[in-house]
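A.B. asks: Okay, here's the structure, questions in a sec.
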Amino acid sequence: MSKVKVAINGYGTIGKRVADAVALQDDMEIIGISKTRPNFEAKTAAMKGYNIYAPADKIDSFKNDGYTIAGSIEDMVKAADIVVDCTPGKIGVSNKALYEKEGVKAIWQGGESKDIAPISFNSEANYADAIGADYVRVVSCNTTGLCRVIYPLDQKYGVEKVRVTIVRRGGDPGDIKSGPIDALVLDPIKLPSHHGPDVKTIMPHINITSAAIKAPTSFMHLHVLNIQLKTECSAEDVKNLFASRPRIRMIADGISATAQIIEFGRDLGRPRNDMWENCVFRDSVSVDDGELYFFQAIHQESDVIPENVDAIRAMMSLEKDNLKSIEKTNKSMGIGFKC
Ligand code: NAD
């Protein structure tokens, strides 16, 4: 069977990771990535052997810098079965007309409005909705992290209400423009933050309230969760449930900070120290007066990457069973080692 042809439009933090993850699969291949400027990311894309496409009016400047350019972004879209749009939030929507014109399926990321596609996606919670779909939005890093814990809890115990406070990273490690440098910024001041409503795009029946604060850190987000369940369970039950899920890692061994998780990722030899799984602090999981509490850390640059691979598989009808797709993606990327 021929491999599904995948194009990556926007080769930044998310795009370069999706490209590398797709390249590991045996049922899909990268036919090209787009760059708007000949910078260091374009250089590494060329070194990895990806075909580079550029806006038509920028091709000459790439060529002047010694790049071989495969064509324009329009040429790339024409050559693809599916485009993963990883352009910055609110830019991806301007590419929709091109994908529609060329009759190519497309995935957008969480920075786009939920209205960009009829389906917002999470591999565990609603894979089936995306089977054969033309347009899908893979929800943001925080929403992905929330769905991964809320979905199994709801399946097993029923969720009465979720309250979450999110301490957000101010910017990604390579981002030289974002902040804050020395402040905790209410993000936004008016509650709730967009994260709770975003979870509802996948699980509309979940009663959830969220608040978010931007902090001067770049490694990870931290979630403080408080969940009222419909049936009784112990902290041990929840730890066992989380440990059984394919994209949750129980964090222990003296780790009590996001910086240590990233160091752990480095020690594990993860590419770019990526932690694709939710990192639930095992000792934080507690049940008090019928309510569940825990901390989890979310590696914003990488947790949505396996979800993009699964979304491609669902939309291209390569696999009907979400657990089989998750297992295939996990195995290829090296997700799954439990501690
Ligand atoms: P980024 O800025 O790191 O990368 C975007 C890339 O797209 C850059 O290389 C930029 O040059 C390129 N680009 C800009 N305009 C373009 C255009 N018109 N055509 C083609 N390429 C263009 O952004 P990112 O952090 O990778 O975010 C991409 C999407 O993923 C956003 O929707 C964002 O909200 C979402 N997301 C980001 C994170 C994160 O933590 N970085 C996590 C989850 C989801």
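The values are calculated or read from the model by the stated rules, or taken from the named source; none is laboratory data. As the structure is a computational prediction, the values presented were derived from the model and not from experiment. Don't worry about glycine lacking a Cβ; one is built from the backbone with ideal geometry, like all the others, and counts go over all protein chains shown. Quick note on the areas: whole protein, heavy atoms, side chains included, nothing else; ligands and nucleic acids left out. Shrake-Rupley method; radii C 1.70, N 1.55, O 1.52, S 1.80 Å.
A.B. asks: If amide hydrogens are placed 1.01 Å from N in the peptide plane, which non-local residues have theirs closer than 5 Å to the one on Glu112?
C.D. replies: Lys90
A.B. asks: As I understand it, the dipole of segment 146-226 uses +1 on the Cβ of Lys and Arg and -1 on the Cβ of Asp and Glu, about the Cα centre. Which of Ile208, Gly174, Tyr157 lies farthest toward its positive end?
C.D. replies: Positive-end residue among those listed: Tyr157.
A.B. asks: Same structure again: Going toward the positive end of the dipole of the chain, with +1 on Lys and Arg Cβ and -1 on Asp and Glu Cβ, which of Ile261, Ser244, Phe295 do you reach last?
C.D. replies: Of the candidates, Ile261 comes out farthest on the positive side.
A.B. asks: Turning to a different aspect of this structure: So what is the relative contact order for the chain, in percent, with contacts set as C-alpha pairs under 8 Å and at least six apart?
C.D. replies: The normalised contact order for the chain reaches 17 percent.
A.B. asks: So, one more: Rank these by accessible area, largest first, 1.4 Å probe: Ser325, Ser140, Ser61.
C.D. replies: Values: Ser325 0, Ser140 20, Ser61 50 Å².
Listed by decreasing accessible area, they come as Ser61, Ser140, Ser325.
A.B. asks: Convex hull over the Cα atoms of segment 183-339, averaged projected area in nm²? If you can, show how the numbers build up before the last one.
C.D. replies: Numbers: hull surface 43.3 nm².
Averaged projected hull area, Cα only: 10.8 nm².
A.B. asks: Shifting gears a bit: How big, in percent, is the set of alpha carbon pairs in segment 119-276 lying more than 19 Å apart?
C.D. replies: 61
A.B. asks: Follow-up. What does the helix-only formula give at 222 nm for the chain: each DSSP H stretch with n ≥ 4 adding -39500 (n - 2.57), the total divided by the residues, and the result rounded to the nearest 500 deg cm²/dmol?
C.D. replies: About -9000 deg cm²/dmol.
A.B. asks: Between Arg37 and Ile131, what is the label-to-label distance in nm when each label sits 7 Å out along the Cα-to-Cβ direction?
C.D. replies: About 4.4 nm, to one decimal.
A.B. asks: Once you mark the trypsin sites (Lys or Arg not before Pro) that are in a DSSP loop and have at most 10 other Cβ atoms within 10 Å, what is the longest gap between them in the chain?
C.D. replies: With trypsin sites (Lys or Arg not before Pro) excluded where exposed in loops, the chain gives 1-176 as its longest stretch.
A.B. asks: Which GluC sites (Glu not before Pro) in segment 142-238 pass both tests, a DSSP loop state and at most 11 other beta-carbon atoms within 10 Å? Before the final figure, lay out the partial values.
C.D. replies: Values: sites: Glu160, Glu232, Glu236; in loops: Glu232.
For GluC sites (Glu not before Pro) across segment 142-238 that sit outside H, G, I, E and B with at most 11 neighbouring Cβ atoms in 10 Å, the list reads Glu232.
A.B. asks: Shifting gears a bit: Calculate, for segment 15-144, the solvent-accessible area per residue in square angstrom, rolling a 1.4 angstrom probe over the heavy atoms of the protein chains.
C.D. replies: Counting only protein heavy atoms, the per-residue value for segment 15-144 is 42 Å².
A.B. asks: When the accessible area of the chain is split by element with a 1.4 Å probe, what percent falls to carbon and sulfur?
C.D. replies: 51
A.B. asks: Using only C-alpha atoms and all pairs of different ones, pull out the Kirkwood radius for the chain in Å with one decimal.
C.D. replies: Answer for the chain: a Kirkwood hydrodynamic radius of 20.5 Å.
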